Each structure stands twice: as structure tokens, then as C-alpha cells.
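Shown next, in C-alpha cells, is the structure this report addresses.
The values are calculated or read from the model by the stated rules, or taken from the named source; none is laboratory data. Everything numeric in this text was worked out from a predicted model, so none of it was measured. Cβ: placed from backbone, ideal geometry, glycine included. Neighbour counts: every protein chain shown.
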Amino acid sequence: MAFDLDTFVRPNIKKLIPYSSARDEFSGEAKIFLDANENSLGSPLLKWYNRYPDPHQLAIKKKLAVIKSIGAEHIFLGNGSDECIDLLFRSFCEPGKDNVIICPPTYGMYEVSANINDVAIRKAPLLDDFQLNLAHIETLADANTKLIWLCSPNNPTGNALNRSDIEMVLNNFEGIVVIDEAYINFSKQKSFIQELADYPNLVVLQTLSKAWGLAGLRLGMAFASEAIIGILDKVKPPYNINQATQELVLKALDEVGQVNDMIRLLVDMRDALADVFRSMPTVEKVYPSDANFFLVKIREARKIYEFLLGKGIVVRDRSHVKLIEDCLRITVGTEQENTQLVEAMQQWYEQ
């Protein structure tokens, strides 16, 4: 089917004249900047941070373009993936009129951001095997459904969604399909980034918070058609990625080999820790994972969660969430942290 992006952009966004700094109005290099009312004398502690950062993050996008094998014009950078999520709502969903579809249990910010933006939420819960209920999704979609949110590998279940199911949604939904691939580096599944040319209604989200270990810097990425990226650029704040983040990310992106080594180690530790949990007496199931965490169904999950808190160990209590009742989500820690977790669990059983 032909996808007409123009029909999905909010009318006020179409008319929006974005904020433009002087640095949007010239190309090339400049030596003297007297346009942005910065303190030209510097700052007391970090004199080189008195200037605004590059509003387009061009240096980062050029490096990412090589790593991801995609044109820089298909990349948007956000202050964490949460900014990308919010901007998609603000760009394409009319408050009080439009709706989106989510597939719980899934990442909670889709629902939070929908509520903030006064966008109705329609839920197509995952099936018992944590895969998409395609028939339910189809019945929920109508003319005002602007976005479908798919998280793969999914948080909190940890599994990758069936690729053929995702393709079915992409081929049959007339709106925008957002695939959140925050944990894709830990998975054997291929990213959908290389499918952008085939699906003009596709947006892929990734992050540097997980495999790259840069959660404290807050840098999320959206990959989409040049037209969709242009809309996000139009709506975003002018300097949404700060200078310190840009500098540190540029250095980190030179270390692809080290990141790949960490990914392999984390996957090995995940599998080893999951095997230990499978041997515990009250564990009913450890679910397969394509991420750097796993979901474990365990009797007295809430009591165990509180017991671990008392030991200074924080896991994620998902025991109250529909479809994953009595479950804890456990992130893979360092070798020492994993050992302390196992020892605490042994103390739980011995008390």
C-alpha cells in the first residue's frame, strides 16, 4: 500500500516554523560567534563549555552512519529514547482525537507519554508465548490509529518478536510502526534499520544506554525516512544533546570492538546466571532472553524482592503485571554483583 506521511502529521506541526539559530543559517566554518548571547569569557570551572553545542550533532551522525550502514540523513538523536518517543507522539498524534496501539507487557514509557500527550491507548496484549496477537491488533486499528509500538527484544519479557509478525504489521497497517530495538545488540535477530527503504512507515529506535554502557549520557537514536527525520528535527528543542554528551559519545563510537567484547561477556553471564536460577527450588520458569536481563517466574516473588532490597540488591518487581504475574526481572550485573545476588537467594532459602 502507498504510505502518505503528510496525512499523519498533525496540522499544527505542518504549519510550525521551527526555532532557528544563526548556526542553522550558514554553512562552513566560522571563527567568531557573536550570535547566541553566550558568555564569551567562559565559565568558572569548564571554560570550553560556554558555547552552545552543535544543534544537528553532525559529527556523531557521520560516525553512526558508518557503524549502522545508513545515511546520516536517516538519523535523529534524542535526549534518551524517551525524547524520541515523546516527539513521535507530539508530531503525529492529535491530542484528544488520535489513538495508538501498544502490546503489553512492554516498556512503560509508551503509555506514560501517550497519557501526557492526551492520546488514547489501545492495548493488544501479547500471547502466552509473548508474541504479537496480530488478529487483536487488526481489530483495534482504525482511521485515528497513528502509531503502533513494538518493542523487540521486548522489555520486560526479554524475547525478540517474530520477524514475520512485525513484517505483517508493517505491510498491513496504514500508519507509523515504531520498533524499539533498545536491546538489539544482545540479540541474534537482525535490526530493522536496513529495511527502512522498503517501509516508509517504519521508525526504528535504538539507544547507547544498554550495550554501549552510556546510560548516564542520555543519547537515544531514531532511524527513519528522511521525511520523518525532518519532522522530528522540526519539533525538537534546538540544543537537545549537550556538548559533554556529544564529545564523550564521539570517543565511545571509536570503540566498537570493545563494545562487542562486552556484549559477548554479558550474554555469557546472562546464560550462566539464568542456569543458576533454573536450579533454585521455587523457580517455576526462567524465560528465554535476547537482552541483557531475563524474566524469572518464582513463588513469593514480592517477598523475595523485598528481601533482596533489605540486602541492598535492587531487581525489578513485575509480579503485579498482567501476563507476567509472580515474575522478577533481573539485569545481568558484574561477576561480583551476580555472585552476591545468588548468595542472597541462598540466604532466602536457608532462613
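Here are a few things to note about the model shown:
- Condition met for residue 297 (outside the structural domain of residue 186 (by TED's automatic domain parsing) and touching a residue at least 60 places away in the same chain (Cβ under 8 Å)): no
- Only one of the listed residues (22, 72, 2, 30) is at pLDDT below 90, closer than 27 Å to residue 92 by Cα and out of contact with any strand residue (DSSP E or B) (no Cβ under 9 Å at 6 or more places or on another chain). That residue is 2.
- Residue ranges of strands (runs of 3 or more DSSP E) in segment 52-125 with at least 3 members out of contact with any Lys or Arg (no Cβ under 8 Å at 6 or more places or on another chain) and surrounded by fewer than 19 Cβ atoms within 10 Å (Cβ to Cβ): 120-123
- In segment 242-294, residue nearest to residue 80 (Cα to Cα) [restricted to those that are of a type in the set (Lys, Arg) and without any contact (Cβ under 8 Å) to a residue 60 or more places away in the chain]: 251
- Residue under evaluation residue 43, criteria (1) touching a helix residue (DSSP H, G or I) at 6+ places or on another chain (Cβ under 7 Å); (2) surrounded by 15 or more Cβ atoms within 10 Å (Cβ to Cβ), criterion not met: (2)
- The test for being acidic (Asp, Glu), out of contact with any Pro (no Cβ under 7 Å at 6 or more places or on another chain) and assigned by TED's automatic domain parsing to the domain that holds residue 88 holds for residue 247.
- Checking every residue in segment 235-244 against the condition of being surrounded by 15 or more Cβ atoms within 10 Å (Cβ to Cβ), out of contact with any helix residue (DSSP H, G or I) (no Cβ under 6 Å at 6 or more places or on another chain), among the hydrophobic types (A, V, I, L, M, F, W, C) and under 21 Å from residue 24 (Cβ atoms) gives at least one match.
- The test for being over 17 Å from residue 155 (Cα atoms) and either under 23 Å from the mean Cα position of the chain (by Cα) or in contact (Cβ under 8 Å) with a residue 12 or more places away in the chain (or both) does not hold for residue 318.
- Search result, residues across segment 130-148 that are farther than 28 Å from residue 325 by Cα and surrounded by fewer than 17 Cβ atoms within 10 Å (Cβ to Cβ): 142, 143, 144
- For segment 216-271, filtered to residues that are more than 19 Å from the chain's Cα centre (by Cα) and among the acidic types (Asp, Glu), the residue that is nearest to residue 20 (Cα to Cα) is 226.
- Subset of segment 1-35 (residues that are among the hydrophobic types (A, V, I, L, M, F, W, C), loosely packed, with under 12 Cβ neighbours inside 10 Å and over 32 Å from the mean Cα position of the chain (by Cα)): 26, 30, 32, 34
- Subset of segment 1-27 [farther than 18 Å from residue 237 by Cα and small (Gly, Ala, Ser)]: 2, 27
- The residue list 78, 96 contains one member that is without any contact (Cβ under 8 Å) to a residue 24 or more places away in the chain and in the same structural domain as residue 194 (by TED's automatic domain parsing), which is 96.
- Test result for residue 242, in the same structural domain as residue 93 (by TED's automatic domain parsing) and closer than 28 Å to residue 329 by Cβ: no
- Test: residue in segment 17-38 that is assigned to a helix (DSSP H, G or I) and touching a Leu at 6+ places or on another chain (Cβ under 8 Å): no
- Taking the numbered list (1) surrounded by 10 or more Cβ atoms within 10 Å (Cβ to Cβ); (2) out of contact with any strand residue (DSSP E or B) (no Cβ under 9 Å at 6 or more places or on another chain); (3) not in a loop (DSSP other than H, G, I, E, B) in turn, residue 48 passes all entries but (1).
- Hey, residue 34 hydrophobic (A, V, I, L, M, F, W, C) and in the same structural domain as residue 241 (by TED's automatic domain parsing) or not: no
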